[in-house]
Amino acid sequence: MNSLDHMVVVAYLGALLFLGYRLREQKVEQDYYLGGRRIGWFPLTLSTMATQLSAISFISAPAFVGLREGGGLKWLTYELGLPIAMALIMFVIAPALYHSGVVSIYDYLEKRFARSTRVMISIAFQVVRAFSTGIMVYAMSIILQAVLGMPQWQSILAVGVITMVYSASGGMRAVVYGDALQMGLIVVGLIAVGLYALLALGDSGVDSFWSSVEPARLVTADFSAFGFEGDQFGFWPMLLGGIVLYASYYGCDQTEAQRLLSARSLADTRRVLLMNSLLRFPLVVLYCLVGLAVGLVIQSDPNLLAQVPADRPDFMMPIFILEFLPHGMIGMLLVAVLAAAMSSLSSAVNSLSAVSLKDLDALGIRPRDEQHTVRWARTVSVVWGLMILALSLFAGAIAPTVIEAINKVGSALFGPILAVFLLAILRRQRSPIGANVGLLVGVGVNLYLWRGHPEIFWMWWNVIGFTVTLTVAASIRALTSPAFLNTEKAVGSLYRPPLVWRAYASALVVWFALIVVFIVAVAPNLRGAEAPAPVTHVRAPEVLAG
């Protein structure tokens, strides 16, 4: 990097601090955590996508597709279950949570079950979200280590402090608008990297790309892998596990659900969910293709390949950016990655603060008035930010790529948590004891599978935990005396959507079918029958840099 790259980075970080300063006025708790429910659906759509498709998608997903052993376009199967999951959230989970008027979605569980249910899931969320965000920050530190040569702890501290300042001062509005900017940067950055990778392959460009990719990396839908004998990323575990994973993440995780609660209306909430479902898959296809192209460039040059640690394919993208892109562009891509990591961190500390403040309130520890509530919210946000930064120092030893590590941690809890929320929303007779025991057993079974049966693919944990929790909770409810059952009507559970939104649900089903067709029939045939000879060298980086 040179002075131009550093100027670009400093300018962006300064703009984030200015954003937090301009949006610092919050008078009540709802202003800080929900933006006063005045945020439009379009920035919320970009923010929701940015939180899920963050620095991890920019760095780790392309590394899985292009370089990681056993990787490839099978990553596309992560998107199989998304449209079905979004329909479930749109018509079952979101109406109940939005109409309940809660800030922390786990307060809804206390209303429907008991305080103990809320506390258990609240603690589970805080542990998983803090650790998952620590992994995301770790991914950002990989970039800074490769590009700037900064020690890991320095890169984490530098970016973490700036993130905590603007998110703690600006609240949810700063988080959402910062995320929207980051989403644009990520898309532009991915396109730029892809174009430079094609240029690096030589004059034949696209033809060389398709002819040279390993055939195994073009496999998308694997119907032979069922995920019970050490085989991973099969069609059925990715479809069924993905439905549970995404329904739980977007609907029952405070980080994403808090955005849905910040919308101006339930109709806007549904628009956010619909647009996320429609826009995610094309973006995933983009970063998968970029990963294939960059991976081909790296593997075609032994000197470049030697720079990527054998056990850390996540270094692939940083090394390519540093070696092949011109100055100024390097700075802009570094800004894109920093923005992505910072949006994940800011979203996490805001949602963790919202949940923790409600936990303190349940313990009788509460501020005197609304102004003090906002001050407490900022303080708790900073505390969580420091904890996440500490966790990020130990986040590199869970899975071969960072993005797998995050999904692996979440899959241990997503299924049981979704089961409890659905029981709260759909059942008229609810057993708090059944929900609590079902949650503990479901999580316990997943942890046992993690430690005792590593041959079972972790995407199945979502389905197994969901099924076990429902079964145990329903059994206990059936055996429980009516005197111990809560039979209050669920807020929004009987809501019947207008015809236009039922039509949108049908559109999601059609979109699901199109994704399946693309993954099963189209993507595996992209290679073509007549292909030029494989690439044996790449164009020198200095030629591209001009």
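Here are some notes:
- If you plug the beta carbon distance of His453 and Arg37 into 1/(1 + (r/R0)^6) with R0 = 45 Å, you get a FRET efficiency near 0.50.
- The largest accessible area among His99, His453 belongs to the first residue in His99, His453, and the rest follow in falling order (1.4 Å probe, all chains).
- Most to least packed among 303-316, 229-242 [average Cβ atoms within 10 Å]: 229-242, 303-316
- Extension gain (nm, one decimal) between Ser224 and Arg115, 0.36 nm per residue minus Cα-Cα: 34.8 nm
- Peptide ranges 4-12, 103-111 listed from the most packed, as the mean C-beta count within 10 angstrom indicates: 103-111, 4-12
- Of all accessible heavy-atom area on region 237-293, the percent that carbon and sulfur account for (1.4 Å): 72 percent
- Applying 1/(1 + (r/R0)^6) with r as the Cβ-Cβ distance of Asp311 and Arg375 and R0 = 30 angstrom yields a FRET efficiency of 0.10.
- Peptides ranked, highest mean first, by Cβ atoms within 10 Å: ranges 383-391, 471-479, 40-48: 40-48, 383-391, 471-479
- Environment charge at Ser265 (Cβ cut-off 12 Å; Lys +1, Arg +1, Asp -1, Glu -1): +4
- Sites Leu4 and Val522 - FRET efficiency at Förster radius 30 Å, r taken between beta-carbons, to 0.05: 0.15
- Residues of region 216-357: accessible area per residue with a 1.4 Å probe, Å²: 26 Å²
- Calculated accessible area for region 57-136 comes out at 21 Å² per residue, all protein chains present (probe 1.4 Å; ligands, DNA, RNA ignored).
- Portion, in percent, of the accessible area of region 51-112 that falls on carbon or sulfur, probe 1.4 Å: 55 percent
- Pairwise label distance in nanometres, Leu195 with Val510, each label 7 Å out on the Cα-Cβ vector: 3.3 nm
The values are calculated or read from the model by the stated rules, or taken from the named source; none is laboratory data. Given the structure is predicted, the values throughout are model-derived calculations rather than measurements. Note: ideal-geometry Cβ built from the backbone for every residue, glycine included; neighbour counts use all protein chains shown. Areas reflect the complete protein model, heavy atoms only, side chains present, ligands, DNA and RNA absent. Shrake-Rupley method; radii C 1.70, N 1.55, O 1.52, S 1.80 Å.
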